[in-house]
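Reviewing the structure listed below.
Every number in this text was worked out from the coordinates using simple rules, so none of it is lab data. Just so it is clear, the structure is predicted and the values come from calculations on it, not from any experiment. Note: ideal-geometry Cβ built from the backbone for every residue, glycine included; neighbour counts use all protein chains shown.
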Amino acid sequence: MSGTLYVVSTPIGNLEDITLRALRILKEVAIIAAEDTRHTQKLLSHFDIHTTLTSYHDFNKEEKTPVLLSKMAEGASIAIVSDAGTPTLSDPGFYLIREAIRAGLPVSPIPGPAAALAALAVSGLPPDRFVFEGFLPKKKGARARRLEQLKPDPRTLIFYESPFRIVGLLEEIKTILGDRPVVVAREITKMFEEFIRGTVTEVLEKIGKKTVKGEITLVVGGNREEN
């Protein structure tokens, strides 16, 4: 029998958020394919897990994928993890998962934390319909075009953004989408967790007085005129 590819969600900050099933799978598989082995090793060491680690990221995926699929075909089960949260959500993993499916190999999710859903759940913005956009294009023109495309969308919008670019993104959102309600979710589940809520103008005033640090998820209200 072939092995299984387990897509394992890991904590986005607080290590207590890992599930019991995730811990068991990480102990039982033959190999853990990690976005950054040094980062994942800290997690494994904390839980006394000694499974073999191998790196798997966007720069080596074409080289590593055939090797991992071959091991699976021989019966070895493999877990893929990102640095934090759920693989494939703005993180590596899609290429390996797609190729495993094409090869007829079993793929199984081990669900758990995702910053996008955690931020949405406590945002206070409508969670019934939403769209996850991940990171917008870094080039200003492409980013502006994508925001224009999203302007009429009535669903709640979720973005990931660097703390160094969050102010600029909020200013663009105000210009293109309007002064909508937003939530800047910072360092979710970590010691300095913070949720900054208000209109774009209000949030810019709040964060303009201090240096923004840490991982950021931005939740933006949809176009109310389309509701």
Exercise. Pick from PHE192, PHE94, PHE159: which residue has the top mean-square fluctuation in a GNM of the chain where Cα pairs under 10 Å get a spring?
Worked result: PHE192
For this session: With everything on Cα atoms, drop me the angle between helix 140-150 and the longest principal axis of the chain, reported from 0 to 90° to the nearest 10.
Result: 80 degrees
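Once Rh for region 5-110 is found with the Kirkwood sum over Cα pairs, what is the Stokes-Einstein diffusion coefficient at 25 °C and 0.890 mPa s, in µm²/s? Mind dumping the intermediate values first?
Working: Rh = 13.5 Å.
Result for D is 182 µm²/s.
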Exercise. In terms of Cα to Cα distance under 19 Å, which aspartates and glutamates are near enough to LYS61, apart from those fewer than 8 places away along the same chain?
Worked result: GLU35, ASP36, ASP83, ASP91, GLU99
Seminar exercise, completed: Rounded to the nearest 10, the angle in degrees between the Cα long axis of helix 166-176 and the longest principal axis of the Cα atoms of the chain comes to 60 degrees
Exercise. Short version: ³J(HN,Hα) in whole Hz for each residue of region 117-131, in order, from phi by Karplus 6.51 cos²θ - 1.76 cosθ + 1.60 (θ = phi - 60°), x for Gly and Pro, what are they?
Worked result: 6, 4, 5, 4, 4, 10, 5, x, 9, x, x, 6, 9, 8, 10
Problem set entry | the chain - charge dipole about Cα centre, Lys and Arg +1 at Cβ, Asp and Glu -1, debye rounded to 20 | 360 debye
For this session: Please identify, among LEU26, LEU44, LEU125, the residue showing maximal mean-square fluctuation in a Gaussian network model of the chain using a 10 angstrom Cα cutoff.
Result: LEU44
Problem set entry | Rg/Rg_globular for region 86-203, with Rg_globular taken as 2.2 N^0.38 Å and Rg from C-alpha atoms | 1.20
Seminar exercise, completed: Note, LEU15: beta-carbon cut-off 11 Å, +1 each Lys/Arg, -1 each Asp/Glu, net 0
For this session: Determine ³J(HN,Hα), in whole Hz, for all residues of region 189-201 in sequence, where each value follows from phi through the Karplus function 6.51 cos²θ - 1.76 cosθ + 1.60 and θ = phi - 60°; x replaces Gly and Pro.
Result: 6, 9, 4, 9, 3, 8, 10, 9, 10, x, 6, 4, 4
For this session: Could you pull out every one of the lysines with an alpha carbon less than 19 Å from that of LYS209, ignoring same-chain neighbours closer than 8 positions?
Result: LYS174
Problem set entry | Linear extension gain, PHE192 paired with ARG165, 0.36 nm per residue minus alpha-carbon span | 7.8 nm
Seminar exercise, completed: The size of the Cβ-based charge dipole (Lys, Arg +1; Asp, Glu -1) of region 115-226 about the Cα centre, to the nearest 20 debye, is 380 debye
Seminar exercise, completed: Straight-line reach check, LYS213, cutoff 21 Å on alpha carbons, 8 or more apart in-chain or any other chain, hits among lysines -> LYS138, LYS190
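Among bridges DSSP assigns within region 5-110, what percent are antiparallel (round to 5)? Spell out each step's value before the answer.
Working: 1 of 16 bridges.
So the antiparallel bridges amount to about 5 percent of the total.
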Exercise. What residues qualify as long-range amide H neighbours of GLY198, i.e. H under 5 Å apart, gap of 5 or more or another chain, H built at 1.01 Å from N?
Worked result: VAL182
Problem set entry | Long-range HN-HN contacts of ILE12 with modeled amide H, under 5 Å | GLY85
Seminar exercise, completed: Residue by residue through region 54-62, the couplings from Karplus 6.51 cos²θ - 1.76 cosθ + 1.60 with θ = phi - 60°, in Hz, x for Gly and Pro, are 9, 7, 8, 8, 5, 8, 10, 4, 6
Exercise. GLN149 to LYS209: extension gain in nm, 0.36 nm per residue of separation minus the Cα-Cα distance?
Worked result: 18.5 nm
Seminar exercise, completed: Under a Gaussian network model of the chain whose springs join Cα atoms within less than 10 Å, the largest fluctuation of TYR56, TYR95, TYR160 belongs to TYR95
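Share of antiparallel DSSP beta bridges in the chain, in percent to the nearest 5? Can you show the working numbers first?
On the way: 17 of 37 bridges.
Given both bridge residues lie in the chain, the antiparallel proportion sits at roughly 45 percent.
Suppose R0 equals 45 Å; then what is the FRET efficiency for LYS139 and GLN41 from their Cβ-Cβ distance, rounded to the nearest 0.05? Intermediate values should be presented prior to the final figure.
Numbers: r = 35 Å, r/R0 = 0.77.
Working from the Cβ atoms, E equals 0.80.
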